[in-house]
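The structure appears right after this line, and notes come after that.
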Amino acid sequence: MLSSVMLEYLSVGINFEQGEDSDMKQWVIFDGDNTLWDIECLYNQARQNLIKELADLGVCPEEAEIFQRMTDVELFQSLGYSQERFPKSFSKTLLHFKPLSSDLDVEKVEEMARTVFTSNPTPFKGAAKTIHWLKRHFKIGLLSAGPRQSQLRKIQHFCSGDDSLFDAVEVVSLKTPDVLRDFCLGNNINPSHSWMIGDSLKHDIKPALSIGLNAIHVNSENWSELEVDGHLQMMGFDKVGSIEEILGVFEEKMELA
Ligand SMILES: [Mg+2]
C-alpha cells in the first residue's frame with residue numbers, strides 16, 4: 001500500500017500552464033558542494049596529506065584516518081560547516097598522536113586542511129549542460145551551505161563568467177526547513193511545483209520535502225556520516241546516480257504531464 005507521502009508525491013506534476021506571467025514560478029533549486037561540483041576529492045586529498053605526514057612520524061595510517069574523521073564529526077556539533085572545523089580536526093589529530101608537537105607543526109597541518117577552501121573544485125560532468133537545458137522550462141536557484149567567501153568563490157568558478165546561469169543564489173550556514181521556506185518566499189517560488197536537487201538526504205532532501213518541495217537526490221561521494229547515515233529509509237523523492245541523469249527524470253515527467 002502506498003504511504004500518504006507517496007500518494008501526495010504521485011499527484012505532483014509539472015505545471016506547464018505556469019508561464020512567465022504567473023505570480024508563482026516553477027523552480028529547480030540546486031545544492032552546490034558534491035551536487036554540482038566535487039569537493040569530496042579535495043577533502044580526501046587534504047586528509048591523505050595529513051595521514052602521510054603522521055605516517056612519517058610513525059603513526060598508523062588507518063588509526064590516523066579514523067581519529068580525524070571521528071573528530072571532524074564531533075566538531076561539527078559545535079562548529080557546523082564553519083571554516084574553523086576541518087583545520088581543527090587536523091591539529092587535534094596531530095596532538096592526539098604527537099602531544100609534544102610544536103606550534104609550527106600544528107600550523108603546518110592546519111594549513112594542509114585549509115587547501116580545501118582555496119582550491120577550485122571540478123564541476124561534475126554535464127552539470128552546466130543540465131542547468132542550461134532546465135533553464136528552458138524553469139527558473140534556476142542555487143542554495144549553497146558553507147563558509148560564505150569559500151562558497152562564493154566556488155560558485156564564481158562554476159559559473160565561469162556566465163552571470164545569468166542562476167536566477168537566484170544564496171549562501172547559508174545550514175539548510176533548515178526555515179531557510180528553504182525563506183528562499184521560496186523571497187523568490188516567489190511555488191514549492192509544490194518546484195524541485196530541490198542535492199546530495200545530502202539530511203540537509204537537502206529532508207528539509208525540502210518538509211516544506212512541500214519536490215526533491216531529487218543525487219548519489220555522490222560525500223561526508224556520509226553527516227549527510228546520509230540514518231536517513232536511508234526516507235521516501236517520496238527521485239534518486240539519480242549522477243547530475244547528468246537529472247535530464248532523464250525531467251523528460252519522463254514532461255511525457256507524463
Ligand atoms: Mg552538498
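Here, each number is a calculation from the coordinates, and none is a lab measurement. Since the structure is predicted, the reported quantities are computational estimates derived from the model, not experimental observations. For neighbour counting, all protein chains shown are included, and Cβ atoms are generated from backbone atoms with ideal geometry for every residue, glycine included.
Specify whether the C-alpha gyration tensor of region 123-186 places it in the rounded, prolate or oblate class, a ≥ b ≥ c being the square roots of the eigenvalues: rounded for a/c under 1.5, otherwise prolate if a/b is larger than b/c and oblate if not.
Since a/c reaches 1.5 but b/c is at least a/b, the shape of region 123-186 is classed as oblate.
Across the options LEU54, SER192, ILE216, the greatest Cα extent toward the positive end of the charge dipole of the chain (unit charges at beta carbon of Lys, Arg, Asp, Glu) belongs to LEU54.
Hey, what's the per residue convex hull volume over the C-alpha atoms of region 163-250, in cubic angstrom?
117
The angle between the Cα long axis of helix 148-159 and the main principal axis of the chain comes to about 60°, on a 0 to 90 degree scale.
Compactness check for region 53-184: Cα Rg over 2.2 N^0.38 Å is 1.34. Taking the longest Cα principal axis of the chain as reference, the axis of helix 177-186 is set at about 50 degrees. Spin-label model, LYS52/ARG114: points 7 Å from Cα along the beta carbon direction are separated by 2.0 nm. Volume per residue of the convex hull around the Cα atoms, evaluated for region 40-118, comes out as 83 Å³. Taking only alpha carbon atoms, the chain gives an Rg to Rh ratio of 1.03, where Rh is the Kirkwood radius. Projecting the Cα atoms of SER78, ASN44, SER91 onto the charge dipole of region 40-118 (Cβ charges, centred on the Cα centre) puts SER78 farthest toward the positive pole.
Of all beta bridges DSSP finds with both residues in the chain, what is the antiparallel percent, to the nearest 5? So the antiparallel bridges in the chain amount to around 10 percent.
Taking 19 Å as the straight-line reach from the Cα of LYS202, the lysines in range (excluding those fewer than 8 positions away in the same chain) are LYS175, LYS239. Spin-label pair LEU174-SER160: with each label point 7 Å from Cα along the Cα-Cβ axis, the two points sit 3.5 nm from one another.
For LEU36, LEU57, the sequence from fewest to most other C-beta atoms within 10 Å is LEU57, LEU36.
Taking GluC sites (Glu not before Pro) in DSSP loop states with no more than 16 other Cβ atoms inside 10 Å as exposed sites, the chain has its longest site-free stretch at 85-220.
Please give the net charge around SER224, taking every other residue with its beta carbon less than 11 angstrom from that of SER224, where Lys and Arg add +1 and Asp and Glu add -1.
-4
Label separation (MET70 vs HIS96): 0.6 nm, computed from points 7 Å beyond Cα along the C-beta direction.
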